[in-house]
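Working notes for the structure below.
The values are calculated or read from the model by the stated rules, or taken from the named source; none is laboratory data. Being a predicted model, the structure only gives us computed values, none of them experimental. A quick note on method: Cβ atoms are made from the backbone with ideal geometry, for glycine too, and the neighbour counts reach across all protein chains shown. The accessibility values were calculated without ligands, DNA or RNA, using every heavy atom of the protein model including side chains. Shrake-Rupley method; radii C 1.70, N 1.55, O 1.52, S 1.80 Å.
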Amino acid sequence: HKFHIIIGVVVVLFLAVMIYSSNMKDPSDMYIFFLTESPEVYTEKEDTLTEILTEYAKDKNGDGEINIQIHNIYIGEEFDAANVFKNKEFLMTSLRAGDCMLVISEDYGAQFLLDGEVCSDLSKVFPELFQ
């Protein structure tokens, strides 16, 4: 009977994993980092960004609607240094892990990405595009 019990346990575990994974779909179709100097910029532009990006996003998870999740990462020097450090650490870790492939930023955030060598300055490679 040991053989039957072992097979039964394996089958039950397999079914449990299948049911769990099928019910745990990510509801977001697009996950975006919005890198700003201050959280106020995010609150001003969140609705506009969501509306514009919804036009270009696909229904990746097949639920019939487009869900865009915008995560604000503020890195301004006038805010709590511990929170800013956590935000910078979260951003760099997520970018290296490939958790997010679209980052939108203002000038301050773009400069941080350039200084951290996360992005390259293409203005010297394609000067005609940056006039």
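Relative to the first principal axis of the alpha-carbon coordinates of the chain, what is the inclination of helix 39-54, with its axis defined by its Cα atoms, in degrees from 0 to 90 and to the nearest 10?
Approximately 60 degrees, to the nearest 10.
Among 54, 17, 87, which residue has its Cα positioned farthest towards the positive end of the charge dipole of the chain, with +1 placed on the Cβ of Lys and Arg, -1 on the Cβ of Asp and Glu, and the dipole taken about the Cα centre?
Among 54, 17, 87, the one farthest towards the positive end of the dipole of the chain is 17.
Using the Karplus curve 6.51 cos²θ - 1.76 cosθ + 1.60 with θ = phi - 60°, work out ³J(HN,Hα) for each residue of the stretch 103-114 in order, rounded to whole Hz, and write x for Gly and Pro.
10, 10, 8, 8, 4, 5, x, 5, 5, 4, 5, 5
Counting Lys and Arg as +1 and Asp and Glu as -1, each charge on the Cβ, what is the dipole of the stretch 3-107 about the Cα centre in debye, to the nearest 20?
Charge dipole of the stretch 3-107: 880 debye, to the nearest 20.
Can you compute the FRET efficiency between residue 96 and residue 12 using 1/(1 + (r/R0)^6), with r the Cβ-Cβ distance and R0 = 25 Å? Round to the nearest 0.05.
E between residue 96 and residue 12, to the nearest 0.05, is 0.10.
Looking at the stretch 73-117, what % of the alpha carbon pairs are farther apart than 18 Å?
Result for the distance tail: 24 percent.
5 Å is the cut-off here: which amide hydrogens, built 1.01 Å from N in the peptide plane, fall below it relative to residue 35, excluding neighbours closer than 5 in sequence?
Amide H neighbours of residue 35, under 5 Å, 5+ apart: 73, 104, 105, 106.
For the chain, give the percent of accessible area contributed by carbon and sulfur heavy atoms, probe 1.4 Å, rounded to a whole number. Provide the component values of the computation, followed by the final result.
Values: 5820 of 9820 Å².
Accessible surface attributable to carbon and sulfur in the chain totals 59 percent.
Order 1, 71 by their accessible area, 1.4 angstrom probe, all chains in place, largest first.
So, going from the largest accessible area down, we get 1, 71.
Show me, for the stretch 10-16, the HN-Hα J-couplings you get by feeding each phi into the Karplus relation (A = 6.51, B = -1.76, C = 1.60, θ = phi - 60°), rounded to Hz, glycine and proline as x.
Per residue, the Karplus-derived 3J(HN,Hα) values read 4, 5, 5, 5, 4, 5, 4 Hz.
Comparing 15, 49, 102, which has the greatest mean-square fluctuation in the GNM of the chain with Cα pairs linked when under 10 Å apart?
Ranking 15, 49, 102 by mean-square fluctuation puts 15 first.
How much accessible area per residue does the stretch 48-131 have, counting only protein heavy atoms and a probe of 1.4 Å, in square angstrom?
73 Å²
When every alpha-carbon pair in the stretch 1-109 is counted, what percent end up more than 18 Å apart?
Of all Cα-Cα pairs in the stretch 1-109, 63 percent lie more than 18 Å apart.
Over the chain, calculate the relative contact order: mean separation of alpha carbon pairs under 8 Å at least 6 apart, over the residue count, as a percent.
29 percent
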